[in-house]
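Take a look at the structure set out below.
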Amino acid sequence: MTTPETERALRLTVLVGESDGWHHRPVFTEIVHRAHRAGLSGASVFRGIEGFGASSVIHTQRLLSLSEDLPVAVVIVDTEARIRAFLPLVEELVADGGLVVLDECEIVRFGGGRERGR
């Protein structure tokens, strides 16, 4: 068994509502496309099944209370410098709502894997 290669990183999580928009496009889609153009290593969008935010209104996908505005999390992991440089591109998208969270993390690479970014 080989020892995996590790590196320090920063995880950016942007929490928005599914119906939040930016110029006729979902905010989460705009964040992913901006991350791609910025050359970040990757971005994933996760749709929540239930949650609430600053409004304290609970949104759920349960059949009896079907919601059009479920919580969505966009998660991006890259170097601290690259994530911090990207923050201004996120700021204008969440200025009216949303939550931005930064966490220090460690990337673990097993078996050499693919080269970063491709």
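Each value in this text was obtained by applying a stated rule to the coordinates, not by laboratory testing. Since the model is a prediction, treat every value here as computed from it, not as a measurement. In this analysis, Cβ positions are derived from the backbone assuming ideal geometry, glycine residues included, and neighbour counts consider all displayed protein chains.
Each Lys or Arg adds one and each Asp or Glu subtracts one; over the other residues with Cβ under 12 Å from the Cβ of residue 10, this totals -2.
Taking other C-beta atoms within 10 Å as the exposure proxy, 102, 40 rank 102, 40 from fewest upward. Taking 0.36 nm per residue of separation and subtracting the Cα-Cα distance, full extension of the segment from residue 11 to residue 36 would add 7.4 nm.
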